[in-house]
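For reference, the structure is listed below as structure tokens.
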Amino acid sequence: MKIGEALIKSSLISVEQLQSVLREQEESKERVGDIVIRKGLVPNDQFAEFLAGHFGLPFVPLKKIYKSIKPDVINLLPEELAYRFTIIPLEAEDNVLTIAMSDPLDIVAEDTVRVKTGLKIRRAVAIEQEIIEAMNYCYHELPRLKEHVDDFVGVSDGREGDDLERLRVQASDPPVVKYVHQLVVQAINNEASDIHIQAKQDDVELRMRVDGVLYNFDPPPKNMLSAIITRIKILSNLNITERRLPQDGRFKTALAQDEVDIRVSCFPTIYGESIVLRLLNTSSPLSGLGQLGFLDNDAERFKKIINRPYGLVLVTGPTGSGKTTTLYTALNAIKSSDRKMVTLEDPVEYRLPFLQQSQVNSQIGFDFARGLRSILRQDPDVIMVGEIRDKETAQIAINASLTGHLVFSTLHTNDATGAIARLIDMGIEPFLITSSLIAVLAQRLVRKICPECRQETKVSPEIVKSLSLGQDTKFFKGQGCPACLQSGYRGRTAVFELLVVNEGIRKLILSQGLNEEVERQGRLGGMKTLSESCVEKLQAGETTIEELLRVTQERGTGDI
């Protein structure tokens, strides 16, 4: 099928627009695609994705990944060839070089690169302007940065007796300042949530957490580490002379239209300080409930729950499972000018204008229990408590919900039914739980299959049978590509287990029934377990069997 016909079939242009393009082509002799883009009929990014799909090639969001391309891969392709054909090498593996190009039909470019490198060529499609940006960085800016690093005058590794003033000056040197800036930019481009810099005996380890998994990146030289850490401490207003005690701080940076809030944690080890930076994009708007990953039925049920005038709503799951994001999204969904909403957090992760937010400080005795008592004197309608950690906090939260407040909080339990047992273990009377608790939401994050390298895969009949799925069910997985750092996954979505407390569950709580009985009653009321929710994501082609098994193991069931 010709490009023009394919554009019409994809509903990107109309028949009349194509006829106009073809008339213009007769005079200008340009390609149809060039005219379509020049006339603004199809945006650059959309046209590039269309081309990739039309020719069965992967589309690479180059702007997000080009700062992760390894220098030894860039060195395989001479700069002159890259600029002549507007291409950029992405990766080299098993005698195959993957290149990103805006014109997948440029056979001359492909043949020239094959002859020059002696490697087989795998094509990918990217936006032309992003390729140019990547070339400028990889062939010009990155070598200059490396020269700065190579020219850096070494300092000691941060032990007692260092010349701290000298270290402070070196932390402000252009190579160090630029390295820290580029590190943050690279993490943001990779959509990383954390940067880990760890001193080892002879070198440095640099890793970034992307979609919950840590990936290794090229580290800075060991003699530069102290200056880098000092630079980060200066930005975070931390004590640069203190290396024996843990320290926590934060700073902000603005990149393009985004403002990124960065939380910093310094921790002493036997080989020097380890530092972790957590990145929070405070400029991105909160998603709606529909974007969190709720199944349709659960989304409606949860919406009704959070619009109740009073009661206690708990969100459970391990650290890093997205509980805080869910709570913020719920608060955003019910905010209004006639409601006062107050939060007590540890720490405050996102600063939101529609909330009155406060942060606990254990060093001065301002803990959750004390803060929650004070919040009640602020005449709130809705309260969010970062976490219920002890009996006192639980009692105050429950009493608040019984006196006309809608209270949100979190607990660390494996599933929804475990929250009830946890409250009882804390010493909360069952009759208080039945009077206050209206719902428990358990959640996990599962990785989504990368759309650029998603392919159908086969699964053993035994697994299909254990999931109670039909033999004709299709399963998918990512093969790994530059867009997903070869992981096969890009992005995450949540799976939920929503337990709504009904009359049957209240009776079981009063009689201190087993978790299994509570779960059975919850399922009769419409609850889907975490595993069942994950199976639905699996059927929709969003995630993989491996992610389902991981969620099942985290829940503690051992098998599907």
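The values are calculated or read from the model by the stated rules, or taken from the named source; none is laboratory data. The structure presented is a predicted model; accordingly, all values stated were derived computationally and were not measured. Virtual Cβ from ideal backbone geometry, glycine too; neighbours counted across all protein chains shown. The area values use the complete protein model at the heavy-atom level, side chains included, leaving out ligands, DNA and RNA. Shrake-Rupley method; radii C 1.70, N 1.55, O 1.52, S 1.80 Å.
One table, with the values for the structure above:
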read-out: Distance (nanometres) between label positions extended 7 Å along Cα→Cβ at residue 334 and residue 70; value: 5.1 nm
read-out: Any cysteine of the chain lacking a neighbouring Cys Cβ under 4.7 Å - listed by number; value: 138, 266, 534
read-out: Per residue convex hull volume, Cα atoms of the stretch 170-301, in Å³; value: 133 Å³
read-out: Förster radius 60 Å - calculated FRET efficiency between residue 11 and residue 93, Cβ distance, rounded to 0.05; value: 0.95
read-out: The stretch 318-384: equivalent-ellipsoid semi-axes (sqrt of 5 x gyration tensor eigenvalues, Cα, Å); value: 19, 17, 9
read-out: Full-stretch length increase - residue 429, residue 201 - with 0.36 nm per residue and alpha-carbon distance subtracted; value: 76.8 nm
read-out: Degrees between helix 44-55 axis and first principal axis of the chain (Cα, 0 to 90, nearest 10); value: 80 degrees
read-out: Spread of Cα-to-Cα distances over 10 Å intervals beginning at zero, given as percent, for the stretch 409-560; value: 11, 35, 28, 17, 8, 1
read-out: Helix 545-555 vs. the chain, principal-axis angle (Cα, 0 to 90°, nearest 10); value: 30 degrees
read-out: Degrees, to the nearest 10: 15-28 long Cα axis against longest axis of the chain; value: 30 degrees
read-out: Distant alpha-carbon pairs in the stretch 26-149 (separation over 21 angstrom), percent; value: 39 percent
read-out: More than 17 Å apart - percent of Cα-Cα pairs taken over the stretch 268-348; value: 59 percent
read-out: Positive-end residue, the chain charge dipole about Cα centroid, Cβ charges, pick of 522, 433, 468; value: 433
read-out: Net charge, residue 36 excluded, C-beta distance under 12 Å - Lys, Arg +1, Asp, Glu -1; value: 0
read-out: Accessible area per residue in Å² at 1.4 Å probe, computed on the chain; value: 48 Å²
read-out: Out-of-range pairs (alpha-carbon distance over 26 Å; input 63/178; 64/116; 340/507; 465/528; 67/222); value: 64/116; 340/507
read-out: Environment charge of residue 328, counting only residues whose C-beta is closer than 15 Å and scoring Lys/Arg +1, Asp/Glu -1; value: -2
read-out: Equivalent ellipsoid, the chain (semi-axes from 5 times Cα gyration tensor eigenvalues, Å); value: 46, 34, 22
